[in-house]
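Note sheet for the following structure.
The values are calculated or read from the model by the stated rules, or taken from the named source; none is laboratory data. This structure is a prediction, so every number in the text was calculated from the model and none was measured. A quick note on method: Cβ atoms are made from the backbone with ideal geometry, for glycine too, and the neighbour counts reach across all protein chains shown. Protein only, heavy atoms only, side chains kept; ligands, DNA and RNA dropped before computing areas. Shrake-Rupley method; radii C 1.70, N 1.55, O 1.52, S 1.80 Å.
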Amino acid sequence: MGPLSVSVDRGTLCLALNGDIDFVNSGPITQAIREAVLQGRPTLVRVDVAEVSFLDSSGLGALVAALRVATDCGAVFRVERPNANVYGQFEIAGLVEMFGLADGDGGRGCARR
Amino acid sequence: MSVEQHHEYRQRLAALDETVARARLDPEAQVHRAAGLLAGRVGCRVDEAHTYLLDRAAQQGRPAAAVAGDILTALQSRPGSGTRPLDAEVDTALRPRGRSPAAGRRPPAHPPSQAAGDWGPLVQQILDAMPGNHMALSPVLGDNAGITDWVIVAVSQQTADFSGRDVAQAVGRRITQVYPATVDTPVWQAWRDVVTDGRARKVGPFPYVGANTRAPADVLMTAWVSRVGPGVLSRWVRHDEQTRQTERIAQTERLGRLGWGEADLVTGQIVWSDELYRIYERDAALGPMSSEEQNALTVPEDEPIRRQAAEGFGRGDTVDVTVRIRVGGRVKHVRTIADAVRDAQGRPVKVYGIVQDVTMQHTTRAQLAEAEQLLQQHQNSLAAEHELAAQLRQIVLPVPAEPFDLPGLRVAVRYLPAEEASRVGGDWFHAASAEDGSVVLGIGDVAGHGMHAATVMAELRHVLAGLTVTTTTDPAQLLWHLNRLLYSRATTATAAVARLDPQSRSLVWAQAGHPAPLHARAGATTELTAPRGTLLGAVRAACYATATVSLAPADLLLFYTDGLIEHRRHTLAEGLAPVIATLNDISASGSRQPLADLLSRLRRANPDDDTCILAVRNHTPEAPDHSEGDHA
């Protein structure tokens, strides 16, 4: 399984990232998310990061790039289910609100089908 | 299925086995295939089966491929043929942690029953020559002359195989020990009745719940019982037998993308298995292709290979050849292993072939090679890029070797490039007096590595320096401008910026997604509470708040980039702990050169990342201290 899986469910683009997201794979991931958003034209983009073990600045950059492309397309962008460490990184980066995590529900993951 | 058909069927299977054994792949692929087959058989995930295989190999101290080979041989040999590796391996596979079911259940040795008399060996001789499940039984009489049990007098090879025992092990045993589930079934009753009235009977189909763990939980059986000598002869058929065999073969074929075919050169009849139709994408209703039709599919480039193999086959060799065929508009890699039954003159009478679609293997291999090549190119270009990035960094951001003074502060900087040259990135610092008499300090980290990061770093740093001269020294406003710049570059970066008023000793600072500076005073270190601020370049209209801290004489402040503390297997707090401990130590020590001590003692946590450290010490104007410069 690659670090990114993508599924579309009626206007919602569900992305799931897993493993370490870092300078090694952030480029292709950014590109793949971008294409998925531009092709799917979703109204909601949900990124499940429950399986992400580590993010470096490039990995964070990939999420920001996803935020930007989703926002540019008029979609709502949400990052869901970060582990404590990853959440801590979002906090430091000041991205908790931007990632739709401020309401404190921790995000419910994409529905498994 | 008639006896004859059954026999042919088994022959075909045997041929299949042999050729499959020959079709063994390279060791790694073999382990993968064994894991796949095992997973299919056991109903677990392939990776679990894989792990199990490796475990077993380790236990046995043998190469994984050897164990995989055994399992492949075992799983692919025909069921019921009595090959012990099949039974042993599959049993072990089915219950990897348990004891061997056969060993656990085996009853103690039982002396051959007197009731067997002399007719046992004779019946055994007959049964040895007969296909099917047969058993000759002799009644065991209880105290009141009623039949309480049966002793196995003779048993056919196939039955013995099925129960996992050989003939010698079964003969002489009691039914209640060997097949306790039989007690009080319709067949048990029929044995009694036959002994009583001598009339042969058919029983069933009746459900039989096997106590043997290898048998399915519930099997339908039909039994025929007739009187022989002083006992009975019982024959039975498992109604799922043929289905089981067929399913197993189909599964093997499907998993291995393996089809088989045979051609009878005497009758001209050709038979294909289902998978072979799938490989050739041919409607089974059309029947098998002739060998001419098959050969015509070979791509022209591979035609010489095919022809050479065909010539070898003519000389009596076994064929093992992989050629590309064009089927359904696509090219497939197909491996064919063919062997023949030959007559006394060596002329082939019947040809058996195993055909395997190895396109995936070839594609994967080709893709791997391609990826490797790309990686190599990538690395070459990275190496060149690093050279440039390092040069650029040297021009843009010369790191002072010694601590230096600014109004009210002594400043020391350390830059630790990533160990791997290609990962040298976009860490930067800024420490300079501004026009308004304040001192502006900054540190930052551009996401990513290499030329792009280095270029953005250079830009950020120049813009910051320019802004402090022309526009503002307010940290929040400076970050607001830097955010606009980064947003337009579609790049993210983190930064912390501070302004010290040398007169009031008050330090105002702001941050954009950056770790807060550490503040050490007299042996106690705290992480400054960060004001709100988003990563630079994430959103267009980011706003930054500021916080203020008053510096006392000899206070130490440490700005750093996350390479110092970030490590992928540690939490940030775990990474921070040793840094805080070092700061505590040094600020408590009263060292005359605390900055030099600090920089020499700090070790970055993450060798993958570059790290920048900016340490400042509050100068006490009352007692100017020049010792630092002398020692660092």
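Exposure check, 1.4 Å probe, all protein chains in place: B:Arg484 carries approximately 100 Å² of accessible surface. The amide H of B:Gly426, built 1.01 Å from its N in the peptide plane, has B:Val446 as neighbours under 5 Å, considering only residues 5 or more places off or on other chains. Solvent-accessible area of A:Met98, all protein chains in place: 50 Å² (probe radius 1.4 Å, heavy atoms, ligands and nucleic acids excluded). Other residues whose C-beta falls under 13 angstrom from the C-beta of B:Ala190 contribute a net charge of +3, scoring Lys and Arg +1 and Asp and Glu -1. In chain A, helices alone account for a calculated mean residue ellipticity at 222 nm of -11500 deg cm²/dmol, with every DSSP H run of four or more residues adding -39,500 (n - 2.57). Shown are B:Cys543, A:Cys73, A:Cys14, whose ranking by accessible area with a 1.4 Å probe and every protein chain present, most to least, is B:Cys543, A:Cys73, A:Cys14. The length gained by stretching the chain between B:Val327 and B:Ser600 to full extension, at 0.36 nm per residue less their Cα-Cα distance, is 91.5 nm.
Computed from backbone phi, the HN-Hα couplings of region A:92-102 come to 4, 6, x, 10, 4, 5, 4, 8, x, 9, 6 Hz, rounded to whole numbers (Karplus: 6.51 cos²θ - 1.76 cosθ + 1.60, θ = phi - 60°; Gly and Pro given as x). Between B:Glu402 and B:Asp436, the C-beta separation translates, for a Förster distance of 35 Å, into a calculated FRET efficiency of about 0.85. The heavy atoms of B:Ile270 present about 60 square angstrom of accessible area, all protein chains included, probe 1.4 Å. Leaving ligands and nucleic acids aside, the B/A contact buries around 1900 square angstrom of accessible area in total at a 1.4 Å probe radius. Put simply, when B:486-492, B:583-589 are sorted by average Cβ atoms within 10 angstrom per residue, most first, you get B:486-492, B:583-589. Among B:Trp509, B:Trp119, B:Trp480, the order of accessible area from largest down is B:Trp480, B:Trp119, B:Trp509, computed with a 1.4 Å probe on protein heavy atoms.
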